[in-house]
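Everything below concerns the one structure shown next.
Where a number appears in this text, it was derived from the coordinates with a stated rule and is not lab data. Because the structure is predicted, anything quoted here is derived from the model rather than measured. Quick reminder, even Gly has a Cβ in these numbers, built from the backbone with ideal geometry, and neighbours come from all protein chains shown.
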């Protein structure tokens with residue numbers, strides 16, 4: 001049986017890991033590859049690097065960081081943030097990312113997902129969906145797009161996404177738990193793995209996300225604050241009977 | 001070597017030719033091979049792919065585009081010649097699928113081994129994440145990794161005509177071929193370069209296998 005994954009997410013801005021609440025009030029939390037290596041040693045099943053300023057600052061520093069991560073890590077990682085199309089995705093994958101997460105550009109032009117899947121295979125294509133009250137939002141949560149997240153997830157998978165990274169913008173950084181209702185609806189609507197994101201505060205929240213069908217759970221602020229929390233979370237989940245890699 | 005002080009000279013690193021058919025991420029595999037003691041060379045040169053002590057087919061994507069990429073550089077011919085003359089070839093992920101024949105995804109592999117490649121039938125596809133290896137017979141490739149979790153990321157899997165090729169399986173909606181080994185051909189469906197310490201052992205085993213293959 002495939003294990004449930006616990007995935008630390010590193011939001012990167014200007015070469016540093018940052019974390020805010022509801023995508024605002026960013027605080028600095030360290031050097032990305034150092035932190036990533038630390039998480040890998042502590043049992044992270046996978047990692048996500050999201051370049052939250054990519055569209056503003058250009059990609060050079062990110063690609064350099066992705067290359068170092070590829071050399072140093074022995075677990076898989078996804079790169080994303082500001083991916084505008086196939087060429088951005090290609091450069092991240094060639095730099096060494098195992099998967100690429102694409103968000104707004106896919107929503108604006110869903111055919112990008114088909115192009116990516118055709119070239120790199122669905123397993124390398126993560127469609128990131130940010131949602132508020134079940135509706136797709138973009139531009140770091142500022143723009144509601146008038147479409148049900150469940151409906152968009154279904155189309156994204158039909159077009160070739162191999163995984164859905166589902167973030168509840170309202171819950172992000174609040175540590176009050178994932179949006180379980182939305183996670184359940186998306187997990188039931190698609191065949192591919194769904195990664196629950198936004199709101200993790202304790203092991204119970206991850207277990208609840210697994211219970212409603214998520215294959216993986218993203219964690220950020222709780223582990224950035226104290227990385228040793230990661231193995232504790234995994235141990236608590238294992239104790240509760242969830243299939244968790246030791 | 002001059003800088004080894006009083007220690008014994010180190011054995012030469014095994015050159016591993018990684019067939020580059022343009023499907024991207026070979027960097028993490030190269031780094032992992034260096035850690036395992038090899039000297040990887042990512043190449044489109046059929047002569048290098050034919051003659052290196054070990055040739056690897058890796059990468060991601062579709063069997064069809066991968067096969068086309070190999071053929072574009074004449075690497076398919078080089079790989080067949082290797083196997084015909086008894087030199088070791090190994091495949092990773094799509095590379096393992098490429099060793100076989102017809103794929104349900106479209107396209108055809110190299111046909112070095114008999115059997116089709118079929119879509120994984122499970123509630124969740126792709127089969128994505130860490131899953132436990134169950135060895136089905138002793139092998140060099142998977143020495144000391146029985147029961148370990150390794151990382152999978154695929155929607156298709158090989159179904160060898162000869163079940164004796166299989167050295168490990170994994171359970172995802174039923175048994176899936178996780179690794180195969182013959183005298184000169186080996187393959188893993190998972191990503192050893194992304195499978196932590198257990199993956200490192202598989203790569204070291206692969207180098208050892210290739211020296212004796």
Give me a single rounded figure for B:59-67: the average over its residues of other chain Cβ atoms within 10 Å of their Cβ. 4
Estimated distance in nm for a label pair at residue B:164 and residue B:211, the labels positioned 7 Å out from Cα along Cα-to-Cβ: 2.8 nm
C-alpha long axis of helix B:75-84 to longest principal axis of chain B, angle in °: 80 degrees
Neighbouring Cβ atoms within 10 Å as the yardstick, rank A:183, A:37 fewest first. A:37, A:183
Residue among A:78, A:62, A:176 with the largest mean-square fluctuation in a Gaussian network model of chain A, springs linking Cα atoms under 10 Å: A:176
1/(1 + (r/R0)^6) with r = Cβ-Cβ of residue B:39 and residue A:1, R0 = 35 Å, i.e. FRET efficiency to nearest 0.05, evaluates to 0.40
Kirkwood calc, the range A:111-174, C-alpha pairs only, radius in angstrom 12.1 Å
Cβ neighbours within 10 Å from other chains - mean over B:118-130: 6
Peptide-level mean, for B:202-212, of C-beta atoms on other protein chains within 10 Å: 0
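Please arrange B:73, A:224, A:139, B:191 by counting, for each residue, the other beta carbons lying within 10 Å of its beta carbon, fewest first.
Working: B:73 18, A:224 21, A:139 13, B:191 26.
Listing B:73, A:224, A:139, B:191 from fewest to most nearby Cβ atoms yields A:139, B:73, A:224, B:191.
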Fraction of beta bridges assigned by DSSP in chain B that are antiparallel (%, nearest 5): 55 percent
Cα coordinate range in the range B:35-153, projected on the principal axes (Å, largest first): 41, 35, 24
Of the residues B:194, B:137, B:82, which exhibits the maximal mean-square fluctuation in a Gaussian network model of chain B defined by a 10 Å Cα contact cut-off? B:137
For the pair residue B:77/residue A:140, report the inter-label distance in nm, with labels modelled 7 Å from Cα in the Cβ direction. 5.5 nm
Projected convex hull area of the protein assembly as shown, Cα atoms, direction-averaged, in nm², equals 21.3 nm²
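Using the Kirkwood formula on the Cα atoms of chain A, what hydrodynamic radius do you get, in angstrom to one decimal? Display every interim value, and only then the final one.
Working: mean 1/r = 0.0571 Å⁻¹.
Hydrodynamic radius (Kirkwood, Cα pairs) of chain A is 17.5 Å.
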Could you work out the helix-only [θ] at 222 nm for the protein assembly as shown, with each DSSP H run of four or more residues adding -39,500 (n - 2.57) and the total divided by the number of residues, to the nearest 500 deg cm²/dmol? -9500 deg cm²/dmol
Considering only DSSP beta bridges where both residues belong to the protein assembly as shown, give the percentage that are antiparallel (nearest 5). 40 percent
Over the alpha-carbon set of the range B:14-212, work out the extent along each principal axis and list the three values in angstrom, largest first. 42, 35, 29
